1. Residue by residue through segment 183-199, note down the ones that are more than 10 Å from the ligand (Cβ to nearest atom) and either surrounded by fewer than 23 Cβ atoms within 10 Å (Cβ to Cβ) or over 21 Å from residue 232 (Cβ atoms) (or both).
2. If residue 217 satisfies every condition in (1) touching a residue at least 60 places away in the same chain (Cβ under 8 Å); (2) within 12 Å of the ligand (Cβ to nearest atom); (3) over 13 Å from residue 151 (Cα atoms); (4) surrounded by 24 or more Cβ atoms within 10 Å (Cβ to Cβ) but one, which is the exception?
3. Name every residue in segment 220-239 that is within 17 Å of residue 192 (Cα to Cα) and surrounded by 19 or more Cβ atoms within 10 Å (Cβ to Cβ), in order of residue number.
4. Checking the condition touching a helix residue (DSSP H, G or I) at 6+ places or on another chain (Cβ under 7 Å), farther than 20 Å from residue 168 by Cβ and away from the ligand (no atom under 16 Å from the Cβ), which residue from 102, 63 passes?
5. Restricting to segment 200-213, name every residue that is within 13 Å of the ligand (Cβ to nearest atom) and either within 17 Å of residue 114 (Cα to Cα) or surrounded by 19 or more Cβ atoms within 10 Å (Cβ to Cβ) (or both).
6. Determine, yes or no, whether residue 23 is farther than 30 Å from residue 118 by Cβ and either touching a residue at least 60 places away in the same chain (Cβ under 8 Å) or away from the ligand (no atom under 16 Å from the Cβ) (or both).
7. Has segment 164-180 got any residue that is more than 13 Å from the ligand (Cβ to nearest atom), out of contact with any helix residue (DSSP H, G or I) (no Cβ under 9 Å at 6 or more places or on another chain) and not in a helix (DSSP H, G or I)?
Ligand code: 6PG
């Protein structure tokens with residue numbers, strides 16, 4: 001059982017996206033080469049990763065019909081709301097990739113936040129062995145300026161949640177307030193976690209996470225039997241590059 005962390009810095013988003021696409025392609029083809037009913041199970045995050053993935057995923061040569069897209073966290077809003085992470089991926093990926101809406105494992109936004117979390121666990125369990133902690137093939141994560149990831153925020157009680165895979169939150173400091181989120185046991189059971197963080201505004205929090213090793217939520221994603229890669233652009237890595245040789 002081991003965990004490894006790699007920090008990769010790129011001169012621009014295109015080169016960052018090429019690396020992410022290469023890694024996802026290798027993982028997906030490894031999984032899909034198992035044949036049979038194998039599907040590639042990937043968890044997506046909202047925010048800036050949506051655009052980056054929309055630009056880099058089309059570079060991948062794969063059997064897209066075997067991909068299933070889950071959400072590491074999702075806002076509890078209707079699918080016609082601009083804040084819906086699913087809607088953002090739907091609008092940016094369908095048409096650019098030969099995939100359908102049914103390949104997205106979506107929340108039910110008509111439910112309460114508590115019910116939506118339980119409903120999502122049920123939907124997920126169709127794709128994973130029963131009574132076992134699900135192991136995602138890949139999770140694409142972001143981190144906010146406060147060091148949150150998914151909808152796990154610094155100091156929030158959900159950071160200590162270990163009894164459920166997916167939890168509700170109704171007081172998200174990042175709007176909208178009602179969300180569901182993967183919890184750390186699920187995140188840390190993944191095979192590959194890729195954090196994408198770009199732009200000078202992320203430089204300070206990345207220093208706190210990757211150099212100062214503060215126990216912020218994003219720094220607690222350390223898969224027990226998998227790898228985590230931080231994919232940064234040069235402005236985001238500025239405070240790392242000045243003080244450490246990367
Ligand atoms: C969400 C995201 C969230 C995001 C971070 C970073 O739905 O809000 O899942 O966790 O990844 O807030 O967002 P940016 O990359 O846009 O800064």
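No lab work stands behind these numbers, since they all come straight from the coordinates. Predicted model, so just to flag it, every value in this text is computed and none were measured. Note: ideal-geometry Cβ built from the backbone for every residue, glycine included; neighbour counts use all protein chains shown.
1. 183, 184, 185, 186, 188, 189, 191, 192
2. Status for residue 217: all satisfied but (3).
3. Those that are within 17 Å of residue 192 (Cα to Cα) and surrounded by 19 or more Cβ atoms within 10 Å (Cβ to Cβ): 221, 223, 226, 228, 230, 231, 232.
4. Every option except 63 fails the conditions.
5. 202, 203, 205, 206, 209
6. Judged against the criteria, residue 23 is a match.
7. yes
Okay, residues lined up against (1) in contact (Cβ under 8 Å) with a residue 60 or more places away in the chain; (2) more than 13 Å from the ligand (Cβ to nearest atom); (3) touching a helix residue (DSSP H, G or I) at 6+ places or on another chain (Cβ under 9 Å); (4) more than 23 Å from residue 120 (Cβ to Cβ):
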| residue | (1), (2), (3), (4) |
| --- | --- |
| 9 | yes, yes, yes, yes |
| 47 | yes, no, yes, no |
| 69 | no, yes, yes, no |
| 75 | yes, no, yes, no |
| 80 | no, yes, yes, no |
